[in-house]
Number of protein chains: 2
Amino acid sequence: MNTLPDIKKQFSEWYQEVIYSAEFADHSPVRGSFVIRPYGYSLWEHIRDTLDKKIKATGTQNAAFPLFIPESFLKREAEHVEGFAPELAVVTHAGGKELEEPLVVRPTSETIIHYMFARWINSWRDLPLKINQWANVVRWEMRPRAFLRTTEFFWQEGHTAHETHQEAWEFTQRMLAEYVDLAENYLAIPVIAGTKSEQEKFPGAEKTLTFEGVMQDGKALQMGTSHLLSQSFAHSFEIKFQDRSGTLAYPYLTSWGATTRLVGAVVMVHGDQKGLVLPPKIAPIQLVIIPIFKSGESKDVVLNAVQKIENTLAATGIRVKIDLDDNKTPGAKFWHWELKGVPLRLELGPRDIAQNKAIVADRLGLAKEAVSIDELSTYVVQHLELIQKTMFDRAKERRQSQWHKAEKLKVFGPELVEHNGIYQTGWCQRPECEKELKQYQAATRCLLNEKTFATCFNCDLPSITDVIVAKSY
Amino acid sequence: MNTLPDIKKQFSEWYQEVIYSAEFADHSPVRGSFVIRPYGYSLWEHIRDTLDKKIKATGTQNAAFPLFIPESFLKREAEHVEGFAPELAVVTHAGGKELEEPLVVRPTSETIIHYMFARWINSWRDLPLKINQWANVVRWEMRPRAFLRTTEFFWQEGHTAHETHQEAWEFTQRMLAEYVDLAENYLAIPVIAGTKSEQEKFPGAEKTLTFEGVMQDGKALQMGTSHLLSQSFAHSFEIKFQDRSGTLAYPYLTSWGATTRLVGAVVMVHGDQKGLVLPPKIAPIQLVIIPIFKSGESKDVVLNAVQKIENTLAATGIRVKIDLDDNKTPGAKFWHWELKGVPLRLELGPRDIAQNKAIVADRLGLAKEAVSIDELSTYVVQHLELIQKTMFDRAKERRQSQWHKAEKLKVFGPELVEHNGIYQTGWCQRPECEKELKQYQAATRCLLNEKTFATCFNCDLPSITDVIVAKSY
């Protein structure tokens, strides 16, 4: 019954199709914007709630800033406006009139948040100031793809101000570490963490840290970034404070964000020919129960039994759903919930009840076994942990097999064009060598904190650190 | 130290000032939009999470729909576009080009959600469809006031589709009941629930239910609405389904929403001359600890003791904060947390520790007593419940004293103009009588399900049901 395109040969078509048929998202009548359907939104809620707890644990507080930003604000930081100008959506009319100054729909909120920071920060006692916002942002997208590149997307954007460069830099690294933990220990996605090149960093930042996932087709996906903005925005928005010695100083700023793109990453790292495969920790449904019966009498017995099991498992904190659709065969239900990537499936029929057992199968194909109904909770909790761990291990193995070390672009470039993959190589860090990657449809993804190669992938100058080179989304 | 305007004589100025000085909100550089600061946003998060649980318990699922709506969509439902046209913000340029069709920033999402409903609903098996969205919406506001009337605001908008008129009407009522429960049992605000008049109902709806709070100045505040949309939007967006008899039918729709205005209601119903007073169930901080010490030695002892108390209370699920600011006197701290409306304050000094006691005072002035440190958790839990109940009772008493029954507008109208207040009266339900209220700066707030008066407040025709008349925000 499965009609998904071949995941190995048509990865991009497979992705589109699985997103729609598993009801994660749908097209909308607004170009570049998508509807996130309840099942996809529930996954996002679990990711969001997990990240929100981590953010709050750093002493950062949530707040809300306006959707609209005066056009002049974006122009205050020269690199910033240059970076975002081509992607802006602009409100020119409102309340039945033409506006005196057009309003930009926020592509990110540094400018308006820093304007407010200047009002709130007066003394070193006001620092560090750590603010986060969960919001929708808009960047006009010419080649939209659900979750990966969309005109409107959802994210959190954190913005902090610190007394010293050192403290700001440590916080930039701290937030990257929180993201990496989210990716690896909740989304089950091993990532490559590093520093963006000067070309690829955030417009206006001193330094951008990134964490990149490796998708099944061997392309990299930037999953989120943490920026040391340093003092450039503080100067543009005149954020000043009286420091401990009583003199006026500019604070050091950071900003960091992760988006609904994480949903796309989960799909592209874990999915298979049957559909989605969702990590238990963030899966909207962790276990689906399929009651199996024929006659009316056995139906009542089975429905009573599955209801009891649901109550027991739900009381243990497991997210359970019973599929009661009487318009579908059990086989059609198996297929449906495999497509939707539910980690565990429990089948229960009259014969199982007679033996006080239920059949439990997992989405990874690790096991399908009869489990005593009395021991179900323990089994399910342990098995969900095993699935979570196995998913991470499998993704890590796959990443390893796609991660190559190679010296010279001329040698590995043609390989990269044809088969994708992640290439670790040396680089002199000059933009002219970086530009050579374009002809292979690739770019630098991040600089690593290690040095394996003596010379640059393109020229004969010494390599400064290793760099990751790949195609990307 | 308190410099708030007189709450009895200058209620409007008091509101503005308390919102800003308690750091609930701040002005923004975008006209009509405000910044919700962390303390105000945390209150909103507690309200939102409470309501979100209630919504999910009705079987409604969260999803996300685009911020932008094609201008032509709004025009499909004639009354709808007429109602919203003057308030729209319009994106005319994006991605560096003029758009072929302008995009409206959503003032509400019926049109785009119903467009999607038409794609998703085919059979009676797809019904009921119950979707909710937490989102920002924009309605251009000429007289903005933080939380009450803002160009951009946050809300949830629920949208459902049902097989029958009866089921849709029952769900419309169910959601109103959920809102009333939220208001009364969490926000501690007694409300008046009823039906909007034909003039005041949602543009395009068959019927609008509302719940109205009574503010301390005797004005009404519409706190949220639940609409029976019936079939008008289903026709406009061609939502059709095969019913149980196999014929094509149009579903019956509902929509319902509550906004960040609820934060303003909490401020205006409970605040006093000292500042905010927050209901314990939704207060960001339920108890603040003020350590009291002089010498360096007693400081360590006191700080150790308050840390232990914080841990114990937090483990009971109480939201606690220790005020460690060493730049403020205890007196200044008392004043600060009273302004911020924290329900309970705990003071602890060396002498208290010696007696194994702490001083606990509540924001309502009910009690200030020495409580054994061993019994703190029990005392605090009980006292928070008492405060919650007392706040509701006090608000109800106040509402009662402001709620008058009166027969003829000519008699009560001048009273209403001068002293505000809520007037319950009779009404023939003709718009020409309703219009007469304008000269008294009042309007109908809702029709009640009772009949006390023989004739209309304005003419001599029979009254159909009682109606609530008041000034409003």
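Each stretch of four or more DSSP H residues adds -39500 (n - 2.57); spread over every residue of the protein assembly as shown, this sum gives -11000 deg cm²/dmol at 222 nm.
Karplus-based coupling profile of the stretch B:257-267, in residue order and whole Hz: x, 9, 10, 4, 4, 4, 5, x, 4, 4, 4, with θ = phi - 60° in 6.51 cos²θ - 1.76 cosθ + 1.60 and x standing for Gly or Pro.
Using the crude model of +1 on Lys and Arg Cβ and -1 on Asp and Glu Cβ, and no other charge, please compute the dipole size for the protein assembly as shown relative to its Cα centre, in debye to 20.
520
A simple rule links phi to the HN-Hα coupling: the Karplus curve 6.51 cos²θ - 1.76 cosθ + 1.60 with θ = phi - 60°, which for the stretch B:392-403 gives 5, 4, 4, 5, 5, 4, 4, 4, 4, 6, 9, 9 Hz, with x for Gly and Pro. Computed over protein heavy atoms with a 1.4 Å probe, the accessible surface of the stretch B:287-389 works out to 51 Å² per residue. Local charge for B:Thr208 was computed over the other residues whose Cβ lies under 10 Å away, with Lys and Arg +1 and Asp and Glu -1, and equals 0.
Could you size up the charge dipole of the stretch A:287-389 around its Cα centre, putting +1 on the beta carbon of Lys and Arg and -1 on that of Asp and Glu, and report it in debye to the nearest 20?
Working: 14 positive and 14 negative charges, 49 e Å.
My answer is approximately 240 debye.
Taken across both chains, chains A and B shield about 4300 Å² of accessible surface from a 1.4 Å probe.
Please list the equivalent ellipsoid semi-axes of the stretch B:75-138, computed as the square roots of five times the alpha-carbon gyration tensor eigenvalues, in descending order and whole angstrom. Intermediate values should be presented prior to the final figure.
Values: eigenvalues 145, 44, 31 Å².
Square roots of five times the eigenvalues give 27, 15, 12 Å.
For chain A, the fraction of C-alpha pairs more than 35 angstrom apart is 41%.
For the stretch B:117-208, the set of GluC sites (Glu not before Pro) satisfying both a DSSP loop assignment and a count of at most 15 other C-beta atoms within 10 Å is given as B:Glu198. Across the copies of the chain, B:Asp126 has label points (7 Å from Cα along Cα→Cβ) spaced 5.3 nm apart, shortest distance listed first. With both labels modelled 7 Å from their Cα along Cα-to-Cβ, the B:His165 to A:His419 distance reads 6.8 nm.
Shown in residue order for the stretch A:25-34 are the 3J(HN,Hα) couplings computed by the Karplus curve 6.51 cos²θ - 1.76 cosθ + 1.60 at θ = phi - 60°: 8, 9, 4, 10, x, 9, 3, x, 9, 10 Hz (x for Gly and Pro). With label points defined 7 Å past Cα in the direction of Cβ, position B:Thr465 shows copy-to-copy spacings of 6.9 nm, given to one decimal and shortest first. Across the stretch A:315-452, Cα-Cα pairs farther apart than 19 Å form 66% of the total. Could you tell me which residue out of A:Phe11, A:Ala64, A:Leu43 lies farthest along the dipole of chain A toward its positive end? Charges go on the beta carbon: Lys and Arg +1, Asp and Glu -1, centred on the Cα centre. It is A:Phe11. In this assembly of identical copies, the label point of A:Ser72 (Cα plus 7 Å along Cα-to-Cβ) is separated from its counterparts by 3.8 nm, sorted shortest first. Note on A:Thr378 and B:Ser123: with the Förster distance fixed at 30 Å, the Cβ-Cβ geometry gives a FRET efficiency of about 0.15.
Evaluated with a Cβ-only charge set (Lys, Arg +1; Asp, Glu -1), the stretch A:403-470 carries a dipole of roughly 80 debye about its Cα centre, given to the nearest 20. For A:Lys294, a cut-off of 29 angstrom between C-alpha atoms picks up these lysines, skipping any fewer than 8 places away in its own chain: A:Lys274, A:Lys308, A:Lys321, A:Lys328, A:Lys333, A:Lys340, A:Lys357, A:Lys368.
Report, in listed order, any pair from A:Lys56/B:Lys281; B:Lys389/B:Lys471; A:Lys9/A:Lys435; A:Lys8/A:Lys219; A:Lys219/A:Lys435; B:Lys196/B:Lys396 with a Cα-Cα distance greater than 25 Å. Display every interim value, and only then the final one.
Details: A:Lys56/B:Lys281 20 Å; B:Lys389/B:Lys471 28 Å; A:Lys9/A:Lys435 29 Å; A:Lys8/A:Lys219 13 Å; A:Lys219/A:Lys435 18 Å; B:Lys196/B:Lys396 22 Å.
As for pairs spanning more than 25 Å Cα to Cα, those are B:Lys389/B:Lys471; A:Lys9/A:Lys435.
Taking N as the residue count of the protein assembly as shown, its C-alpha radius of gyration divided by 2.2 N^0.38 Å amounts to 1.01.
Candidates A:Phe147, A:His162, A:Val137 compared by Cα position along the dipole of the stretch A:120-165: farthest toward the positive end lies A:Phe147, with charges placed on Cβ. Once both labels are positioned 7 Å from their Cα atoms along Cα-to-Cβ, the gap between B:Asn185 and B:Ile464 label points is 3.3 nm.
Determine the relative contact order of the stretch A:236-368: mean sequence separation of Cα pairs under 8 Å and six or more apart, normalised by residue count, in whole percent.
Numbers: 170 pairs, mean separation 34.0, N = 133.
Averaging sequence separation for qualifying contacts and normalising by length gives 26 percent for the stretch A:236-368.
With R₀ set to 22 Å, the beta-carbon distance separating A:Lys438 from A:Ser12 gives a calculated FRET efficiency near 0.60.
What does the net charge come to around B:Tyr379 if you take all other residues with beta carbon closer than 12 Å to its beta carbon, with K and R at +1 and D and E at -1? After counting each charged neighbour, the total is -4. Using a simple spin-label model with pseudo-atoms 7 Å out from Cα toward Cβ, B:Asp49 and B:Lys97 lie 4.5 nm apart.
The values are calculated or read from the model by the stated rules, or taken from the named source; none is laboratory data. A quick note: this is a predicted structure, and the numbers were derived from the prediction, not measured. Using ideal geometry, Cβ is built from the backbone for each residue, glycine included, and neighbour counts are taken over all protein chains shown. These area figures cover heavy atoms from the full protein model, side chains too; ligands, DNA and RNA do not enter into them. Shrake-Rupley method; radii C 1.70, N 1.55, O 1.52, S 1.80 Å.
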